[in-house]
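The values are calculated or read from the model by the stated rules, or taken from the named source; none is laboratory data. Everything numeric here is computed off the predicted structure, so don't read it as measured data. Ideal geometry is used to build each Cβ from the backbone, glycine not excepted, and the neighbour counts take in all protein chains shown. Protein only, heavy atoms only, side chains kept; ligands, DNA and RNA dropped before computing areas. Shrake-Rupley method; radii C 1.70, N 1.55, O 1.52, S 1.80 Å.
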Amino acid sequence: MATRLRHLPNVITVARIALVPLFVVLAYGGTRSSAVLAFIVFFVASVSDLLDGYLARRQGTVSRAGEWLDPLADKLLVGAALWVLVDTRAFPLWAALLIALREVAVQILRARIVNAGGRLPASPAAKAKTVLQIAMVSVWLLPIGVGPVHWILLGAGLIATYWSGAAYFTRARSPLSSVP
């Protein structure tokens, strides 16, 4: 039983990835009820992000696979949501592209470090960025009119996105980093 629980965080992460296509189908459903269901799927997938990390740390089962899959799942979920929002909710394309640029840059950095034998686990700044992005996307997904809260969360999400990206690149250049 303990062996099966050891893999539970990665199973939850893979399930989050599997929810992305369901979210997209619901988001493009064209009805208010499908929009609400898309929001619920996005929210459940987002909460699962907190759960898998908590379980991995609590059980002491943080793995290299989890360190790779978890941020990938976040990027797939948020990326799919941004695509939908630009297409259906007048989310600014320029903002989605800025977020995507940061995500791609950090993934490339992470891949280079991991391929060289190092590690680049999620930083506290990246965790804060993820929370802000999820809050921002969640509000934009709600089938309500776009108002000041949408724009405030967009600004906060963009600031956190670039702040955390800069932190990764600064940390990767540090002699104390886990980059070989």
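See the values below:
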{"read-out": "Accessible area per residue in Å² at 1.4 Å probe, computed on region 80-134", "value": "49 Å²"}
{"read-out": "Kirkwood Rh, angstrom, region 62-110 [1 / mean 1/r, Cα pairs]", "value": "11.6 Å"}
{"read-out": "Mean Cα-pair separation over length for the chain, i.e. relative contact order, pairs under 8 Å, 6 or more apart, %", "value": "24 percent"}
{"read-out": "Normalised contact order of region 40-124, rounded percent, pairs of Cα under 8 Å and 6 or more residues apart", "value": "24 percent"}
{"read-out": "Per-pair calculated FRET efficiency, R0 = 22 Å: A135 and Q107 via Cβ, rounded to 0.05", "value": "0.50"}
{"read-out": "Paramagnetic reach from D87 (point 7 Å along Cα→Cβ, amide N under 18 Å) across region 143-159", "value": "143"}
{"read-out": "Quotient of Cα Rg and 2.2 N^0.38 Å for region 19-99, N being how many residues it contains", "value": "1.24"}
{"read-out": "Cα gyration tensor shape of region 1-60, rounded if a/c is under 1.5, else prolate or oblate by comparing a/b with b/c", "value": "prolate"}
{"read-out": "Taking region 75-151 and dividing mean pair separation by its residue count, relative contact order in percent (alpha carbons under 8 Å, at least six apart)", "value": "34 percent"}
{"read-out": "Net dipole in debye of the chain [+1 Lys, Arg Cβ; -1 Asp, Glu Cβ; about Cα centre; nearest 20]", "value": "500 debye"}
{"read-out": "Positive-end residue, region 52-142 charge dipole about Cα centroid, Cβ charges, pick of V78, W94, L120", "value": "L120"}
{"read-out": "Taking N as its residue count, the alpha carbon Rg of region 32-180 over 2.2 N^0.38 Å", "value": "1.09"}
